[in-house]
Number of protein chains: 2
Amino acid sequence: MDDIDRALVRRLQQDAGQSYAALGTAVGLSAGATHERVRKLRERGVIRRTTVEVDPAAVGSGVLAYVMVDSNAWMGESKEAFEAIAEIQEAHIIAGSASVLVKVRTATTEQLQDVLRRLYAVDGVSGTHATVVLDTFFERPLPL
Amino acid sequence: MDDIDRALVRRLQQDAGQSYAALGTAVGLSAGATHERVRKLRERGVIRRTTVEVDPAAVGSGVLAYVMVDSNAWMGESKEAFEAIAEIQEAHIIAGSASVLVKVRTATTEQLQDVLRRLYAVDGVSGTHATVVLDTFFERPLPL
DNA sequence: AGATCGCGTGGATGACATCGACCGGGCGCT
DNA sequence: AGCGCCCGGTCGATGTCATCCACGCGATCT
């Protein structure tokens with residue numbers, strides 16, 4: 001993981017569709033060597049996958065909210081229960097009073113309410129506190 | 001934006017590297033037609049860009065925290081101030097008592113503390129409340 | 001009915017990923 | 001120090017793929 005690897009990852013984050021030749025020129029390597037480096041980055045798990053970034057509003061998920069989930073039991077084994085709710089984009093165990101923090105995207109606030117209802121139905125959940133996002137300044141890739 | 005478009009986006013989210021031929025076979029189209037559909041999805045902004053998903057821990061951002069930022073002024077014009085802090089991955093205006101919610105990734109908790117210090121230095125910021133993530137259940141693409 | 005347009009197919013072509021042969025410099029071993 | 005090994009690079013060949021074009025079909029509007 002040297003400077004060249006970091007430069008490659010940074011450029012791939014911006015555009016994963018460019019040719020290995022272009023990528024190689026940018027970092028001062030041949031296409032073959034570039035290909036080999038990127039292959040190893042994938043192999044090591046530094047690059048998890050190549051994907052497309054989608055506009056949430058364009059696919060019917062214009063409402064974004066973060067929900068603090070309070071519980072009266074250990075939630076460490078409840079991964080599947082949260083995964084089963086399709087509208088949940090992220091779920092994290094957190095330090096502090098609530099025990100789980102989830103990121104939810106829905107089309108409408110009515111659907112958000114329905115997600116909260118389903119969250120209450122999860123074993124051990126004793127309460128929720130939803131924070132609705134009014135405007136997103138930015139969402140950007142990891143710094144390197 | 002019909003069922004085929006949704007299927008294309010879903011498959012591209014999982015693997016943006018596959019060939020248009022494979023993609024086309026999966027949805028029942030020729031490579032040419034598939035290419036044209038994806039081109040239009042990009043043009044319309046449904047697909048914002050193609051990128052790689054990176055393991056945060058592998059690039060020195062093993063600590064994740066969400067920070068509620070309280071303020072005593074209107075924060076709607078402070079986008080640049082938050083953008084200037086590289087460790088901030090997302091920044092949102094929120095409804096509720098705090099006025100901005102940011103997602104922060106750092107290598108260590110010391111660096112997290114430094115980010116909080118820099119947040120205090122932003123005009124109008126009157127307080128912060130950081131929630132440290134202990135374990136991430138999952139982070140996944142948008143549902144379709 | 002006829003013209004038009006959006007959306008598809010199939011084939012040609014040039015670019016690109018991918019692989020293999022080869023090379024050189026750093027490093028440990030004797 | 002000299003030797004050999006291995007990692008990581010260049011270069012060139014080859015098959016696959018993206019990309020473009022000519023054309024066909026059906027729905028819509030006049």
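At 1.4 Å probe size, put A:Leu134, A:Leu8 in order of accessible surface, largest to smallest.
Working: A:Leu134 115, A:Leu8 0 Å².
The residues order as A:Leu134, A:Leu8, largest area first.
What relative contact order, as a whole-number percentage, does segment A:3-43 give when Cα pairs under 8 Å and 6 or more residues apart are counted? Before the final figure, lay out each step's value.
Working: 25 pairs, mean separation 15.0, N = 41.
Relative contact order, segment A:3-43: 37 percent.
Out of residues 5 or more away from B:Ile94 or on other chains, whose amide H comes under 5 Å of its own, with H placed 1.01 Å from N in the peptide plane?
Amide H neighbours of B:Ile94: A:Leu134, B:Val100, B:Leu101.
Quick one: which residues, 5 or more positions from A:Thr131 or on another chain, have an amide H under 5 Å from its amide H? H modelled 1.01 Å from N in the peptide plane, none for Pro or chain starts.
The answer is A:Tyr66, A:Val67, A:Met68.
Please list 3J(HN,Hα) in residue order for segment A:17-27, calculated via the Karplus relation 6.51 cos²θ - 1.76 cosθ + 1.60 where θ = phi - 60°; whole Hz, with x for glycine and proline.
x, 5, 6, 5, 5, 4, 4, x, 4, 4, 10
HN-Hα J couplings of segment A:99-109 from phi, Karplus 6.51/-1.76/1.60, θ = phi - 60°, integer Hz, Gly and Pro as x?
10, 9, 10, 10, 9, 10, 10, 9, 7, 9, 6
Using alpha-carbon positions, what is the distance between the centroids of segment A:109-123 and segment A:1-28, in Å?
First find each Cα centre; the distance between them is then 42 Å.
Along segment A:30-46, what does the Karplus equation 6.51 cos²θ - 1.76 cosθ + 1.60 (θ = phi - 60°) give for ³J(HN,Hα), rounded to whole Hz, x for Gly and Pro?
7, 4, x, 5, 4, 4, 5, 5, 5, 4, 5, 4, 5, 4, 6, x, 5
Determine the shape class of segment A:3-43: with a ≥ b ≥ c the square roots of the Cα gyration tensor eigenvalues, call it rounded for a/c under 1.5, and otherwise prolate if a/b is greater than b/c, oblate otherwise.
On the way: a/c = 1.23, a/b = 1.01, b/c = 1.21.
Since a/c stays below 1.5, the shape of segment A:3-43 is classed as rounded.
Calculate for chain A the 222 nm mean residue ellipticity that helices alone would give, adding -39,500 (n - 2.57) per DSSP H run of length 4 or more and normalising by residue count, nearest 500 deg cm²/dmol. Before the final figure, lay out each step's value.
Numbers: 5 runs with 50 residues, N = 144.
Helix-only estimate at 222 nm: -10000 deg cm²/dmol.
Over segment B:56-132, what lengths in whole Å, largest first, do the semi-axes of the equivalent ellipsoid take, defined as the square roots of 5 times the eigenvalues of the alpha-carbon gyration tensor? Walk me through the intermediate numbers first.
Numbers: eigenvalues 90, 26, 24 Å².
Its equivalent ellipsoid spans semi-axes of 21, 11, 11 Å.
What's the average, rounded to a whole number, of partner chain beta-carbon atoms within 10 Å of each residue's beta-carbon in B:83-93? Intermediate results must be reported in sequence, preceding the final value.
On the way: counts 3, 0, 1, 4, 2, 4, 6, 8, 6, 12, 5.
For this peptide, the per-residue mean of nearby foreign Cβ atoms is 5.
Within segment A:61-144, list the trypsin sites (Lys or Arg not before Pro) lying in a DSSP loop whose Cβ has at most 15 other Cβ atoms in a 10 Å radius. Let's see the in-between values first.
Working: sites: A:Lys79, A:Lys103, A:Arg105, A:Arg117, A:Arg118; in loops: none.
Of the trypsin sites (Lys or Arg not before Pro), not one in the loops of segment A:61-144 has a Cβ with at most 15 other Cβ atoms within 10 Å.
What is the distance in Å between the Cα centroid of segment A:41-89 and that of segment B:33-58?
18
In cubic angstrom, how much convex hull volume per residue do the alpha carbon atoms of segment B:2-126 span? Mind dumping the intermediate values first?
Numbers: hull volume 17.3 nm³, N = 125.
Value for segment B:2-126: 138 Å³ per residue.
Using amide H atoms built 1.01 Å from N in the peptide plane, name the residues 5+ places from B:Arg49, or on other chains, whose amide H lies under 5 Å from its own.
A:Glu53
Treating the protein assembly as shown as a set of equal point scatterers at the Cα positions, no solvent, please give the Debye-formula log₁₀ I(q)/I(0) at q = 0.08, 0.15 Å⁻¹.
Debye intensities relative to I(0), on a log10 scale: -0.39, -1.29.
Roll a 1.4 angstrom probe over the protein heavy atoms and tell me the percent of accessible area of chain A that is carbon or sulfur.
C and S atoms contribute 49 percent here.
The values are calculated or read from the model by the stated rules, or taken from the named source; none is laboratory data. Remember, it's a predicted structure, so these values are computed and weren't measured experimentally. Don't worry about glycine lacking a Cβ; one is built from the backbone with ideal geometry, like all the others, and counts go over all protein chains shown. Note: areas computed on protein heavy atoms with side chains; ligands, DNA, RNA excluded. Shrake-Rupley method; radii C 1.70, N 1.55, O 1.52, S 1.80 Å.
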